[in-house]
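Q: Quick one: the structure is below, questions incoming.
Taken together, the values in this text are just the output of simple stated rules run on the coordinates, not laboratory data. Quick caveat: nothing in here was measured; it's all calculated off a predicted structure. As a convention, Cβ positions derive from the backbone with ideal geometry for all residues, glycine included, and neighbour counts pool all protein chains shown.
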Amino acid sequence: MTDASGADASGADASGAALVAELTEAGETLACAESLTAGLVAATVADTPGASNVLRGGVVAYATDLKTSLLGVPADLLERVGTVDAGVAAAMAEGVRERLEATWGVATTGVAGPGPAEGKPAGTVHVAVAGPSGTATRLLRLNGTRAQVRAGTVAAVLALALEETRATHRTAAPVAEPRGTVGLSTPGAPGTDH
């Protein structure tokens with residue numbers, strides 16, 4: 001759980017810019033499925049120069065039926081758990097990734113406030129990131145105004161996307177010798193530049 005009260009746009013902007021750079025370098029793409037953020041995630045990514053190289057598009061599925069018809073979220077899941085659920089966020093991210101043919105899909109769903117919805121308090125948010133290695137979700141408990149909850153959600157989903165893409169892009173250092181030593185050499189030994 002994350003408490004992002006007081007989250008500002010600068011964190012989201014920095015994560016958005018870093019995500020664009022990461023995806024550009026990897027030659028990968030991004031698609032956004034948004035409910036409570038209503039396009040703010042895609043707009044934040046698009047604020048970064050070069051975003052057109054990675055941002056495939058987004059789906060704002062504020063209404064429950066659109067989560068099913070546009071993103072493929074199972075109707076029985078929505079009937080069983082409502083829209084504010086980790087499984088729904090995961091299905092949204094996976095659905096937008098598939099439908100927009102992107103390497104990565106991100107999703108947001110939750111209660112922006114000011115009051116509760118579906119029996120969940122304002123600030124209860126689920127974000128998800130779907131990619132080549134699977135789907136990660138995160139539950140957020142955000143404080144503040146409606147605008148602060150939405151801004152905190154954008155910052156959190158972009159940070160999660162950056163974590164997931166970096167983890168996927170990390171590669172182990174090559175082993176230099178059969179013994180498993182990496183990067184160790186003796187100055188003046190054959191094959192070294194010392």
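Q: Whole-Hz Karplus ³J(HN,Hα) for the range 74-79, in order, using 6.51 cos²θ - 1.76 cosθ + 1.60 and θ = phi - 60°, x for Gly and Pro?
A: Values, residue by residue: x, 4, 5, 5, 4, 5 Hz.
Q: Taking 0.36 nm per residue of separation and subtracting the Cα-Cα distance, what length does fully extending A14 through S69 add? Working shown, then result.
A: Values: separation 55, 0.36 × 55 = 19.80 nm, distance 3.29 nm.
Taking A14 through S69 to full extension adds about 16.5 nm, to one decimal.
Q: To continue, here is another question. What ³J(HN,Hα) values, in whole Hz, does the Karplus curve 6.51 cos²θ - 1.76 cosθ + 1.60 give for the range 97-109 when θ = phi - 60°, with x put for Gly and Pro?
A: Couplings: 4, 5, 5, 9, 6, 10, 5, 10, x, 10, 8, 9, 8 Hz.
Q: Here's another thing I want to ask about it. What does the net charge come to around A26 if you take all other residues with beta carbon closer than 13 Å to its beta carbon, with K and R at +1 and D and E at -1? Spell out each step's value before the answer.
A: Values: positive: R166, R170; negative: E22, E25, E28, E164.
That sum, taken over residues with Cβ under 13 Å, equals -2.
Q: Using label points projected 7 Å from each Cα along Cα→Cβ, tell me how many nm separate A167 and N143, to one decimal.
A: Once both label points are built, they end up 2.8 nm from each other.
Q: log10 I(q)/I(0), Debye, Cα-only the range 9-169, no solvent, q = 0.12 Å⁻¹?
A: Debye output, listed in q order: -0.43.
Q: On to the next question. Sum up the charges of everything whose Cβ sits under 13 Å from the Cβ of H169, counting Lys and Arg as +1 and Asp and Glu as -1, but leave H169 out.
A: -3
Q: Mind listing which GluC sites (Glu not before Pro) in the range 29-111 are in a DSSP loop and have 13 or fewer other Cβ atoms within 10 Å? Don't skip to the answer; put the middle values down first.
A: Values: sites: E34, E79, E94, E98, E101; in loops: E101.
Within the range 29-111, the qualifying GluC sites (Glu not before Pro) (loop, at most 13 other Cβ atoms within 10 Å) are E101.
Q: Okay, next question. Return the whole-Å distance between the Cα centroid of the range 42-58 and the Cα centroid of the range 65-137.
A: For the range 42-58 versus the range 65-137, the Cα centre distance is 20 Å.
Q: Quick one: Karplus J couplings for the range 138-149, per residue in order, coefficients 6.51, -1.76, 1.60, θ = phi - 60°, nearest Hz, x for Gly and Pro?
A: After applying 6.51 cos²θ - 1.76 cosθ + 1.60, I find 9, 8, 10, 10, 9, 10, x, 6, 4, 5, 5, 5 Hz.
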